[in-house]
Amino acid sequence: VYFYWVCRDQGSFSWFTEVLRDAQREMGGMLEVHVYLSSVDALGDVRAVMTHIGLHCYFHEHKVDAITSLTSITHYDRPNWNGIFSRLAANHGNERLGTFFCGPHSLGAKLGTFCNKHSTPR
């Protein structure tokens, strides 16, 4: 299961991180969580760059995200959906994958476009 959670700020997802941590523990390697904070410009100024570097160093040393305590690092931007769907298609070849979505209609339309772009007809 590839789980992508996109939020504007940390407060929007902090209530759910404990559920995700429990799911990661129970499912082991079967759950891959990707958290994106879309309103944070991680490379916008020197302080943000230093914070970004520090958080990455912490993750690589402790194998856990300093913000969420998940076993995957938090991303400070919007997801590159084209790249994500491209990697999924390359990694899974002709396997059948499903996409489930909850959020704004405009994002759903984008995800639908990328699903179709990176799918092979059956």
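Considering the options 89, 11, 53, tell which one lies farthest towards the positive end of the dipole of the chain, charges being +1 on Lys and Arg and -1 on Asp and Glu at the Cβ, about the Cα centre.
89
How high is the relative contact order of segment 16-98, given as a whole-number percent (alpha carbon pairs under 8 Å, six or more residues apart)?
Working: 75 pairs, mean separation 26.5, N = 83.
Across segment 16-98, relative contact order equals 32 percent.
In degrees between 0 and 90, to the nearest 10, how far off the longest principal axis of the chain does helix 17-27 point, with axes built from Cα atoms?
Between the helix axis and the principal axis of the chain, the angle is about 60 degrees.
Using a basic spin-label model with each label point 7 Å from the Cα along Cα→Cβ, how many nm lie between residue 97 and residue 113?
Going by the 7 Å Cα→Cβ label model, 1.9 nm.
Which FRET efficiency value, to the nearest 0.05, is calculated for residue 19 and residue 47 with the Förster distance at 35 angstrom and r the Cβ-Cβ distance?
Efficiency, rounded to the nearest 0.05: 0.65.
Report, to the nearest 10°, how far helix 46-62 tilts away from the longest principal axis of the Cα atoms in the chain, using its own Cα long axis and a range of 0 to 90°.
Once rounded, one gets 80 degrees.
Could you work out how far helix 81-92 tilts from the main Cα principal axis of the chain, as a 0 to 90 degree angle to the nearest 10?
60 degrees
Please work out the FRET efficiency for the pair residue 88 and residue 56, using the Cβ-Cβ distance as r and a Förster radius of 35 Å; give the result to the nearest 0.05.
Efficiency, from the Cβ-Cβ distance: 0.90.
Give me the 1.4 Å probe accessible area per residue for segment 55-122, excluding ligands and nucleic acids, in Å².
72 Å²
Give me, ordered by chain and number, the residues 5 or more places off residue 70 or on other chains with an amide H under 5 Å from its own placed amide H.
Residues meeting the amide H criterion: 65.
The values are calculated or read from the model by the stated rules, or taken from the named source; none is laboratory data. Bear in mind the structure is a predicted one, so any value in this text is a computation, not a measurement. Glycine also receives a Cβ, built like all others from the backbone with ideal geometry; neighbour counts cover every protein chain displayed. For the accessible areas, the whole protein counts, side chains as well, though only heavy atoms, and no ligand, DNA or RNA atoms are used. Shrake-Rupley method; radii C 1.70, N 1.55, O 1.52, S 1.80 Å.
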